[in-house]
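Worksheet: the structure to be examined is printed underneath.
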Amino acid sequence: MEVSGYRIAALDESTWPAFAELVECNNGIFGGCWCMGFHPEDGGTDAATTTKRDRKLNRVLSGTAHAALVFDGENCVGWCQFGAPDELPRIKSRAAYERERTTLPDWRIACCYVGKGHRRHGVATAALAGALDLIAGLGGGTVEGYPEDAGSVPAGFLYNGALSTYDSLGFIRDRKIGKHRWVVTRVVEPFR
């Protein structure tokens, strides 16, 4: 699929090398996270014996890691991670989130990342739009995101993406769960 001139592909065994190259070129992302920070095992007992890279690869190979990868030519330049709540339980501002939660979504948007040199070129928007398309292909449902108000937070700390990006793609602001963090929702219809 193509969005805004970028090619979007799902994170899987065939796209793993491009994903890994982007992560490695950007020092492991956010201090070596490898986009594992929202998965349940990131801080578990397995953490002492395997690297985050290995744990992420194991999730990709087992089909329990979801992301829309953004390609500019052959190069992966960003992504948007998504998954079911049990796949991505470790969201930020969890206590505030739980206080007013009524139901769980079908899907969560957990992490958005754009590689250095590619920011402010529509990659984050393409990644989020690509994630929504992939979710539609997986049956759709209610999608939640937890973006930051980018006017108040430096770009390097926008792990969940900018609120304005979600706004532009039709998400509805549900409630604040932090000084600058929101819960936003959108229903995605399945592809027919």
Checklist entry - Given (1) over 16 Å from L69 (Cβ atoms); (2) modelled with pLDDT under 90; (3) under 17 Å from the mean Cα position of the chain (by Cα), where does P89 come up short, assuming only one miss? => result (2)
Checklist entry - Where residues in the range 171-192 are more than 17 Å from the chain's Cα centre (by Cα) and assigned to a loop (DSSP other than H, G, I, E, B), which of them is farthest from E144 (Cα to Cα)? => result R192
Item to check | Candidates V23, V77, V60, filtered to the one that is among the aliphatic types (A, V, I, L, M), touching a residue at least 40 places away in the same chain (Cβ under 8 Å), within 23 Å of V123 (Cβ to Cβ) and part of a helix (DSSP H, G or I) | outcome: V60
Checklist entry - If the Cβ limit is 7 Å and pairs must be 6+ apart or interchain, which residue in the range 93-112 that is at positive phi pairs with which residue that is β-branched (V, I, T)? => result S93/I177
Next on the checklist: Filter the range 113-133 down to the residues that are in a strand (DSSP E or B) and either closer than 21 Å to G170 by Cβ or without any contact (Cβ under 8 Å) to a residue 24 or more places away in the chain (or both) and list them by number.
Outcome noted: V114
Item to check | Within the range 28-60, considering residues that are closer than 22 Å to K116 by Cβ and modelled with pLDDT under 85, the one surrounded by the most Cβ atoms within 10 Å (Cβ to Cβ) | outcome: I29
Checklist entry - Just checking, which of R108, R175, R181 is of a type in the set (K, R) and within 14 Å of A67 (Cβ to Cβ)? => result R108
Next on the checklist: Going residue by residue through the range 26-44, is there one that turns out to be farther than 24 Å from Y146 by Cα and either in contact with a strand residue (DSSP E or B) (Cβ under 7 Å, 6 or more places away or on another chain) or in contact (Cβ under 8 Å) with a residue 40 or more places away in the chain (or both)?
Outcome noted: no
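Residues are listed down the side, and each one gets a yes or a no for (1) under 15 Å from L163 (Cα atoms); (2) of a type outside the set (D, E, K, R):
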position	(1), (2)
C80	yes, yes
E87	no, no
R94	no, no
E100	no, no
D106	no, no
Y113	yes, yes
L132	no, yes
Checklist entry - Taking E189 and the conditions (1) within 20 Å of D86 (Cβ to Cβ); (2) at pLDDT 90 or above; (3) not hydrophobic (A, V, I, L, M, F, W, C), which numbered condition does it fall short on, given that it satisfies the others? => result (1)
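The values are calculated or read from the model by the stated rules, or taken from the named source; none is laboratory data. Values in this document were obtained by computation on a predicted structure and should not be read as measured data. A quick note on method: Cβ atoms are made from the backbone with ideal geometry, for glycine too, and the neighbour counts reach across all protein chains shown.
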